[in-house]
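Notes follow once the structure below has been shown.
The values are calculated or read from the model by the stated rules, or taken from the named source; none is laboratory data. Computed from a predicted model, the values in this text were never measured in an experiment. FYI the Cβ positions are ideal-geometry reconstructions off the backbone, even for glycines, and counts take in every protein chain you see. The accessibility values were calculated without ligands, DNA or RNA, using every heavy atom of the protein model including side chains. Shrake-Rupley method; radii C 1.70, N 1.55, O 1.52, S 1.80 Å.
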Amino acid sequence: MRPVRIKNILSDGNVGQTVTVCGWIRTKRESKGVAFIALNDGSTQDTLQLVVSAESPAFNKLQDCNTGAAVKVSGLLKESPGKGQNQEIEVSELKIFGSADSGNYPLQKKGHSLEFLREIGHLRPRTNTFGAVFRVRNIMADTVHDFFQKRGFMWVHTPIITSSDCEGAGDLFTVTSLELDKIPTGKNGEIDFCQDFFGRRAYLTVSGQLEAEFLAMSLGDVYTFGPTFRAENSNTSRHLSEFWMIEPEMAFADIDDDMDLAEDFIRTLCRKVLEKCEKEIAFFEKFYKNTSMNELADLSEKPFVRISYTDAITELLKAKKKFEFPVEWGLDLQSEHERYLTDTVFRGPVIVVDYPKEIKAFYMRLNPDMKTVAAMDVLLPKVGEIIGGSQREERLDVLENRMQDLAIPFESMQWYLDLRRYGSAPHAGFGLGFERMVQYITGMPNIRDVIPCPRTPQSIKF
Ligand code: 4AD
Ligand code: MG
């Protein structure tokens, strides 16, 4: 028989019934012939109090009921007379699946630093903090599908191994089956990828966008939700080498539709987490102080500020603050600039639109001014860029000119150009970095702490 989850016990409150639960012991204390055990099973922030009295046959097993032990208990669910919980189980049966060596179990009751917990990535989901992070992450993932499905978007599965470099930033991981000590080379010593598995060089994808575009150009509105990979050597609190991205792509849509969708999407994520993860957010508010119910409620209602890149530069030039990186029309915004816009000037989310074409990817639609492209970035307080998106260039000649300027070879992109040859239409989309969004909502300071197995430069332990 499967056990009942603690979350259900505490919310259904079937006092007077005999229940069976399984979980891991958080703490145990004994006083006057009675032991109190706090049990957690990952389903909720709360622990369930187990009461083991001297008369219970379970009493003589208490010695092995250490912090960290996995147990199964059955007993009567009662109103609790004690403070701190409404219900408790009067234990009649107790089975220890696995005890935990009390001296060596790394998660004793005391608080641990997030850095230390990263070293025990396999055990950290048992802590309050990581239990809360992963429950919030789960609700957010569910909301992603619910949001798009309700709007008629089709979930499409774009490849993880690809031959194209969508963002053109060159931060790609190569995928190969060549033997590294016998790499075939051509006349000039260059690697001969013709002899590799796919007959040409292949990579882990940095974005599913290009494939999502051809699916949108046949199926209508689509979205992807999957892992993406970037070999950027950025050791920051906002970068992962493997992260999850959600990329909607809309047929017959322009940049304004794109911004509307992005705003609606972010607001819905905040609202659903508030509805379904109240305990977790209260926990983050209390212990980490980087998020709050009020802030999320605010964000789920207020319209985002929309400002052109050109006006954003004007704002930054007016700033009294000294920035580390230069501010000048034509240069990309650095995170200190983004933060200044969200945290100081507008005190809330900001969408910056119409960036100079030189600092954006080849596929973005050229604006009538011929200098800027219909690109938008959504910036959130504290985390900065959460979404990058654009209206796509649907005009064949304009796209070809742009690719020529950037020296992007045409041969491998014929299929992408075909979309502009046959039945081309305006379309737009964006990518939301899932971990950055989890980071924003939970207020966790480091992105390594919102994914079970973070991949970053020089780090792949778990
Ligand atoms: O701005 P980016 O590079 O946009 C694209 O990849 C487009 N192809 C999306 C599209 O239009 N379909 O990345 C999108 C988002 C960023 O705003 C950021 O939130 C996240 O992906 N992101 C990262 N998150 C964690 N670690 C990294 N190294 C990230 N790089 C980007
Ligand atoms: Mg970007």
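Given +1 on the Cβ of Lys and Arg, -1 on the Cβ of Asp and Glu, and no further charges, what dipole in debye does the chain carry about its Cα centre, rounded to the nearest 20?
Using Cβ point charges on Lys, Arg, Asp and Glu, the chain gives about 2120 debye.
With the full set of protein chains in place, find how many percent of the accessible area of the chain is carbon and sulfur; take the probe as 1.4 Å.
51 percent
Kindly state, to the nearest 0.05, the FRET efficiency for Asp405 paired with Lys318, given R0 = 41 Å and r defined as their beta-carbon distance.
With R0 = 41 Å, the Cβ-Cβ based efficiency is 0.80.
Could I have the simple spin-label model distance between Thr310 and Leu417, label points 7 Å from Cα toward Cβ, reported in nm to one decimal?
Label at Thr310, label at Leu417, 3.2 nm between them.
Taking segment 14-83, how much of its Cα-Cα pair set, in percent, is spaced more than 21 angstrom apart?
18 percent
Along Cα→Cβ, 7 Å out, is where each label goes; now give me the distance between the ones at Met370 and Ala70 in nm to one decimal.
In this crude spin-label approximation the distance works out to 6.8 nm.
Place a +1 charge on the Cβ of each Lys and Arg in segment 339-449 and a -1 charge on the Cβ of each Asp and Glu, then give the dipole magnitude about the Cα centre in debye, rounded to the nearest 20.
The calculated dipole for segment 339-449 is roughly 260 debye.
For Asp264 and Lys302 in the same chain, what is the full-extension length gain: residue separation times 0.36 nm, less their Cα-Cα distance, in nm?
Working it through step by step, the gained length comes to 12.6 nm.
Enter the per residue convex hull volume of segment 1-134, computed from alpha-carbon coordinates, in Å³ rounded to the nearest integer.
118 Å³
Hey, what do the phi angles of segment 349-360 turn into as Karplus ³J(HN,Hα) couplings, whole Hz, using 6.51/-1.76/1.60 and θ = phi - 60°, x for Gly and Pro?
Working through the residues one at a time gives x, 9, 9, 9, 10, 6, 8, x, 5, 4, 9, 10 Hz.
For Ile96, what is the net charge nearby, where nearby means another residue's Cβ is under 11 Å from its Cβ and Lys, Arg count +1, Asp, Glu -1?
So the surrounding residues net to +2.
Among rounded, prolate and oblate, which fits segment 315-462 when a ≥ b ≥ c are the square roots of the eigenvalues of its C-alpha gyration tensor, a/c under 1.5 means rounded, and a/b larger than b/c means prolate?
oblate
At 7 Å along the Cα-to-beta-carbon direction for both Asn294 and Met154, put a label point, then send me their distance in nm to one decimal.
4.7 nm
Quick check: the angle from helix 255-276's long axis to the longest principal axis of the chain, C-alpha only, nearest 10 degrees?
0 degrees
If we count every other residue with Cβ under 13 angstrom of Leu274's Cβ, Lys/Arg +1 and Asp/Glu -1, where does the sum land?
Computed value for this residue: -2.
Starting from 0.36 nm per residue, how many nanometres of slack lie between Arg271 and Asp101 once their C-alpha separation is accounted for?
Full extension from Arg271 to Asp101 adds 57.0 nm.
Work from the charge dipole of the chain (Cβ charges, +1 for Lys and Arg, -1 for Asp and Glu, about the Cα centre) and give the residue of Pro381, Ser237, Ser43 farthest towards its positive end.
Of the listed residues, the answer is Ser43.
Write out the trypsin sites (Lys or Arg not before Pro) in segment 51-133 meeting two conditions: DSSP loop, and at most 11 other Cβ atoms within 10 Å of their Cβ.
Lys83, Lys109, Lys110
With a ≥ b ≥ c the root eigenvalues of the C-alpha gyration tensor of segment 249-362, is it rounded (a/c under 1.5), prolate (a/b larger than b/c) or oblate?
oblate
Give me the net charge for the shell around Val21: Cβ to Cβ below 15 angstrom, other residues only, Lys and Arg +1, Asp and Glu -1.
Around Val21, the charge tally is +1.
Calculate the radius of gyration of the Cα atoms of the chain to one decimal place, then report Dmax, the largest Cα-Cα distance, as a whole number, both in Å.
Expressed in Å, the Cα Rg and Dmax of the chain come to 26.6, 85.
Could you rank Arg420, Arg26 by how accessible they are, 1.4 Å probe, largest area first?
Arg26, Arg420
Quick one: helix 128-150 against the long Cα principal axis of the chain, what's the angle to the nearest 10°, folded into 0 to 90?
Between helix and principal axis, roughly 50 degrees.
Probe of 1.4 angstrom, ligands and nucleic acids ignored: what's the accessible area per residue over the chain, in square angstrom?
Per residue, the chain has an accessible area of 49 Å².
Would you give the gap between the C-alpha center of segment 285-343 and the C-alpha center of segment 58-119, rounded to a whole Å?
45 Å
If Phe36, Phe325, Phe197 are ordered by their accessible area, calculated over protein heavy atoms with a 1.4 Å probe, which sequence runs from highest to lowest?
Of Phe36, Phe325, Phe197, the descending order of accessible area is Phe197, Phe325, Phe36.
Helix 396-405 versus the longest principal axis of the chain: what is the Cα-based angle in degrees, 0 to 90, to the nearest 10?
Orientation of helix 396-405: about 90 degrees from the principal axis.
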